[in-house]
Amino acid sequence: MSGDALMAEFGAAASFLRKSDKERLEAQTRQFDMKRMCFVPDPDVEYVKAQITSRDGDKVTVETEFEKTVTHKEIDIHPQNPPKFDKIEDMAMFTFLHEPAVLFNLKERYAAWMIYTYSGLFCVTVNPYKWLPVYDQMVVNAYRGKKRTEAPPHIYSISDNAYQYMLADRENQSVLITGESGAGKTVNTKRVIQYFASIAAVSGKKDAAQEKKGTLEDQIIQANPALEAFGNAKTIRNDNSSRFGKFIRIHFGVSGKLASADIETYLLEKSRVTYQLKAERDYHIFYQILSQRKPELLEMLLITSNPYDYCYISQGQTTVASIDDRDELIATDDAFDVLGFIQEEKNGIYKLTGAIMHFGNMKFKQKQREEQAEPDGTEDTDKVAYLMGLNSADLIKGLCHPRVKVGNEWVTKGQSEQQVYYSIGALSKSVYEKMFLWMVVRINQSLETKQPRQYFIGVLDIAGFEIFDYNTFEQLCINYTNEKLQQFFNHHMFVLEQEEYKKEGIVWEFIDFGMDLAACIELIEKPMGIMSILEEECMFPKASDATFKAKLYDNHLGKSNNFQKPRIVKGKPEAHFSLVHYAGTVDYNIGNWLVKNKDPLNETVVGLFQKSSLKLLCTLFMGYAGAESEGAAAKGKGAKKKGSSFQTVSALHRDQSDTCYCSYPLAQSKTVDKEPQQERRDECKAAENENLNMDWYVPPW
């Protein structure tokens, strides 16, 4: 049977997955001189195709495909592969495996809209930035049960192989999705989940009560639009960039049918709530609400439909050409319904989102001849208080005159105008972050079933590496996380690759590719590294950006190859130091890093949140360790741990990164009846629910 006939089962997707028999035959009969055809370096496009015209010692003269004659050293000449390898599906099969061969193969497949290509153990994806017909049910069915060599490269083939290995080997499996910002990681994560939900769905009709809530497979799929609305945003490179990392476990029963799922999230970029660059946008949910698709929300939240009325969400772009906010709002709201959120929970989420918009509009002014702020009008404060279930006068008093504990005494502290604005920003970011984390826990509650589960497949999707013209604290955190993920990826995956060499009897000296990233990671996280110095500076009242920069240079310039002085480029934003990452050199600007890293909360206002009449807000801050009332302290009940409230952003980020990469290998361990952490989680859940007596609350363990 011909290749075209075999591809018929893929339907309209066939031409996007594999070359036709005619194209393959034409390639094999094309004229080709292996001794002359080569690739050479090019200053503009990395590499170009060329033909060797003459040799003189170690100098080689070539004519490029652009009819340009150049001379290179022999070492820079890379031979081309024979035509039969054109658009090859697995680049590990090349006769000559080198960088230009890989780049040109990906480029030529991409030009034919074949976006998936194998490279040994890995599947490489090139983002097409357009919709391709390669994900429908016909394609799912075509990949089901096939070995990797029996079908064209695709994320479905990776997914199906993980599923088959899980059933055959009785071991948990993992799919790791990595790449730079805008590479398409989140879309491929959704396709993996879609595939498992499709092939392992539990058959059976839904009853009337389930009709709105949705089946387990519906809920697993609908977790994405809910999380994306609150965790995705437009960046310079990507209209729908995930600003958080997630590890999704899909649990299966003994027969391979879906049993449950759970999601862990990491490192939400909360600074975006109050600040965006000019070419970026805040989280999608703000603009979805303002789209007027559900006008009752505007009325409930006391807001207009104009994003420029709210300064927190209008510092950058307010619309995205590729996203219809009206349709996305319906998708988000429907996702909440499918996931089983009750109306009270939905209203609480919308009210807190609206309150954050009003928070950014609150106005204060400095009292004359005093270091003390006072409100400059109370209209926006009244709206915040109404939406958050607070007393407006108490909120103003808490912001302008917070009470702090000095020794055993409680004293009132004056706040300047700038201090009040910092406090409002920190509270807004904290409310949003805690609401997002609560949503994740609440979604997990919906995805939890009483069905027995035997195995799981884990899918890790982390925020992508970023290099912009202006890179600040957030980019360092994201790039540091990627550096650690890439180290994990290199070490574990290339260990497997090198074990294959041993099995085949290839003489090979073991290389630990994970060590390529060690120097940069240590520079960021080791004692007296970048984050350590930042945390130390946050402890000194008189520390500034200048003292922070001076300490960085004293400790690292000339002592670490990964720390460099940035080049001054006319027209580019100012940079204070350069860091040589695995994926490239990034220039960082350290403006306001100390303020961003401390991000302290006004504990008097947090105390008001804890007594709010809005159940969700009260729940979010119930476990906050730093907010202690005078009454509790007087009764000797103020002995809570304060570590969580005083932890800097960088320290929290480092801890979460460690947690992320410690928990991920569990997905590769042998199956056990119950995860080690699950018993502890069950105990926590039972204890917390018993104490709180709230049947709709799940504790944030």
> Which of the residues spanning the stretch 537-568 are under 16 Å from N471 (Cα atoms) and surrounded by 11 or more Cβ atoms within 10 Å (Cβ to Cβ)?
Replying inline: D545, K549, F563, Q564, K565, P566
> Any residue at all in the stretch 498-505 that is crowded, with 17+ Cβ neighbours inside 10 Å, of a type outside the set (S, T, N, Q) and within 29 Å of G179 (Cβ to Cβ)?
Replying inline: no
>> Return the pair list, or none, for Cβ contacts closer than 8 Å from residues in the stretch 415-430 that are at negative phi to residues that are aromatic (F, W, Y), at least 6 apart or on different chains.
In response: E417/F364; V420/F364; Y421/F364; I424/F359; L427/F359; S428/Y312; S428/F359
>> Considering only residues that are surrounded by fewer than 17 Cβ atoms within 10 Å (Cβ to Cβ) and modelled with pLDDT of 95 or more, which ones fall in the stretch 146-156?
In response: none
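The rows are residues; the columns are (1) charged (D, E, K, R); (2) surrounded by 14 or more Cβ atoms within 10 Å (Cβ to Cβ).
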position: F32; (1), (2): no, yes
position: V48; (1), (2): no, yes
position: D56; (1), (2): yes, no
position: N81; (1), (2): no, yes
position: T95; (1), (2): no, no
position: F122; (1), (2): no, yes
>> Going through A385, A355, A373 one at a time, which residue ends up being in contact with a strand residue (DSSP E or B) (Cβ under 6 Å, 6 or more places away or on another chain), of a type outside the set (S, T, Y) and at negative phi?
In response: A373
> What number of residues within the stretch 374-431 are closer than 21 Å to I356 by Cβ, surrounded by fewer than 19 Cβ atoms within 10 Å (Cβ to Cβ) and hydroxyl-bearing (S, T, Y)?
Replying inline: 5
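Residues are listed down the side, and each one gets a yes or a no for (1) more than 13 Å from the chain's Cα centre (by Cα); (2) free of Cβ contacts under 8 Å to residues at least 12 places away in the same chain; (3) over 25 Å from E89 (Cα atoms):
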residue: I155; (1), (2), (3): yes, no, no
residue: A183; (1), (2), (3): no, no, no
residue: G231; (1), (2), (3): no, no, yes
residue: N238; (1), (2), (3): no, no, yes
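Quick check on E269: is it at pLDDT below 95 and more than 13 Å from the chain's Cα centre (by Cα)? Outline the logic, then answer.
Values: at pLDDT below 95: yes; more than 13 Å from the chain's Cα centre (by Cα): no.
Judged against the criteria, E269 is not a match.
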>> Give me the helices (runs of 4 or more DSSP H) completely within the stretch 92-178, filtered to those with at least 2 residues that are in contact with a Cys (Cβ under 8 Å, 6 or more places away or on another chain), ordered by residue number.
In response: 155-169
> Using beta carbons and a limit of 7 Å, which pairs, at least six apart or on different chains, have the first residue in the stretch 454-470 and farther than 20 Å from K484 by Cβ and the second one of a type in the set (A, V, I, L, M, F, W, C) and part of a loop (DSSP other than H, G, I, E, B)?
Replying inline: Q454/V254; F468/I236; Y470/L277
> Considering the stretch 353-386 alone, what residues qualify as being of a type outside the set (D, E) and free of Cβ contacts under 8 Å to residues at least 24 places away in the same chain?
Replying inline: K363, K367, Q368, R369, G377, T378, T381, A385
> Do we find a residue being under 20 Å from D44 (Cα atoms) and of a type in the set (K, R) anywhere in the stretch 60-77?
Replying inline: yes
> In the stretch 599-621, which residue that is touching a Ser or Thr at 6+ places or on another chain (Cβ under 7 Å) and in a loop (DSSP other than H, G, I, E, B) is farthest from M539 (Cα to Cα)?
Replying inline: N602
> Is there a residue being at pLDDT 95 or above, of a type outside the set (S, T, Y), over 22 Å from the mean Cα position of the chain (by Cα) and under 17 Å from V273 (Cα atoms) anywhere in the stretch 337-351?
Replying inline: yes
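Out of L427, L390, I need the residue that is modelled with pLDDT of 95 or more, in contact with a helix residue (DSSP H, G or I) (Cβ under 9 Å, 6 or more places away or on another chain) and either more than 17 Å from K363 (Cβ to Cβ) or not in a helix (DSSP H, G or I) (or both). Which one?
On the way: L427 fails: either more than 17 Å from K363 (Cβ to Cβ) or not in a helix (DSSP H, G or I) (or both).
Within the list L427, L390, the selection yields L390.
Okay, residues lined up against (1) buried (at least 21 other Cβ atoms within 10 Å of the Cβ); (2) at pLDDT 95 or above; (3) at negative phi:
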position: Y195; (1), (2), (3): yes, yes, yes
position: A201; (1), (2), (3): no, no, yes
position: K206; (1), (2), (3): no, no, yes
position: T215; (1), (2), (3): no, no, yes
position: E228; (1), (2), (3): yes, yes, yes
position: S241; (1), (2), (3): yes, no, yes
position: K246; (1), (2), (3): yes, no, yes
> So L132 fits all but one of (1) in contact (Cβ under 8 Å) with a residue 40 or more places away in the chain; (2) surrounded by 15 or more Cβ atoms within 10 Å (Cβ to Cβ); (3) closer than 18 Å to L17 by Cα; (4) not aromatic (F, W, Y); what number is the exception?
Replying inline: (2)
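So which of R30, R24, R18 ends up being farther than 30 Å from Y156 by Cβ and either assigned to a loop (DSSP other than H, G, I, E, B) or under 41 Å from the mean Cα position of the chain (by Cα) (or both)? Outline the logic, then answer.
Numbers: R24 fails: farther than 30 Å from Y156 by Cβ; R18 fails: farther than 30 Å from Y156 by Cβ.
Only one candidate passes the filter, namely R30.
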> Is the stretch 346-357 home to any residue that is touching a Ser or Thr at 6+ places or on another chain (Cβ under 7 Å), closer than 28 Å to P375 by Cα and hydrophobic (A, V, I, L, M, F, W, C)?
Replying inline: yes
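Residue check: is N555 modelled with pLDDT under 95, of a type outside the set (D, E, K, R) and in contact with a helix residue (DSSP H, G or I) (Cβ under 8 Å, 6 or more places away or on another chain)?
On the way: modelled with pLDDT under 95: no; of a type outside the set (D, E, K, R): yes; in contact with a helix residue (DSSP H, G or I) (Cβ under 8 Å, 6 or more places away or on another chain): yes.
No; evaluated as a whole, the condition is false for this residue.
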> For the stretch 270-380, list the helices (runs of 4 or more DSSP H) that sit wholly inside it and hold at least 1 residues that are of a type in the set (G, A, S); which are they?
Replying inline: 325-338, 343-359
> What is the one condition in (1) in contact (Cβ under 8 Å) with a residue 24 or more places away in the chain; (2) surrounded by fewer than 16 Cβ atoms within 10 Å (Cβ to Cβ); (3) under 26 Å from T274 (Cβ atoms); (4) within 28 Å of the chain's Cα centre (by Cα) that M528 does not satisfy?
Replying inline: (3)
>> Of everything in the stretch 188-205, what is without any contact (Cβ under 8 Å) to a residue 60 or more places away in the chain and in a helix (DSSP H, G or I)? Give them in sequence order.
In response: K190, R191, Q194, Y195, I199
> Can you name the residue in the stretch 442-463 that is part of a loop (DSSP other than H, G, I, E, B) and under 17 Å from G245 (Cα atoms) and, of all such residues, is modelled with the highest pLDDT?
Replying inline: I462
> Is it fair to say I467 is under 26 Å from the mean Cα position of the chain (by Cα), buried (at least 21 other Cβ atoms within 10 Å of the Cβ) and not hydroxyl-bearing (S, T, Y)?
Replying inline: no
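Name the residues in the stretch 397-411 that are in contact with a strand residue (DSSP E or B) (Cβ under 7 Å, 6 or more places away or on another chain) and either assigned to a strand (DSSP E or B) or of a type in the set (V, I, T) (or both), would you?
Kept after step one, since they are in contact with a strand residue (DSSP E or B) (Cβ under 7 Å, 6 or more places away or on another chain), are these residues of the stretch 397-411: 400-401, 403-404, 410-411.
If the condition is that a residue be in contact with a strand residue (DSSP E or B) (Cβ under 7 Å, 6 or more places away or on another chain) and either assigned to a strand (DSSP E or B) or of a type in the set (V, I, T) (or both), then R403, V404, W410, V411 are the ones that fit.
Can you name every residue in the stretch 478-509 that is in contact with a Lys or Arg (Cβ under 9 Å, 6 or more places away or on another chain) and either aliphatic (A, V, I, L, M) or more than 20 Å from N561 (Cα to Cα) (or both)? Write out each step before concluding.
Filtering the stretch 478-509 down to residues in contact with a Lys or Arg (Cβ under 9 Å, 6 or more places away or on another chain) leaves 478, 480, 508.
If the condition is that a residue be in contact with a Lys or Arg (Cβ under 9 Å, 6 or more places away or on another chain) and either aliphatic (A, V, I, L, M) or more than 20 Å from N561 (Cα to Cα) (or both), then I478, W508 are the ones that fit.
The values are calculated or read from the model by the stated rules, or taken from the named source; none is laboratory data. On a predicted model such as this, the values are computed, not experimentally measured, just so you know. FYI the Cβ positions are ideal-geometry reconstructions off the backbone, even for glycines, and counts take in every protein chain you see.
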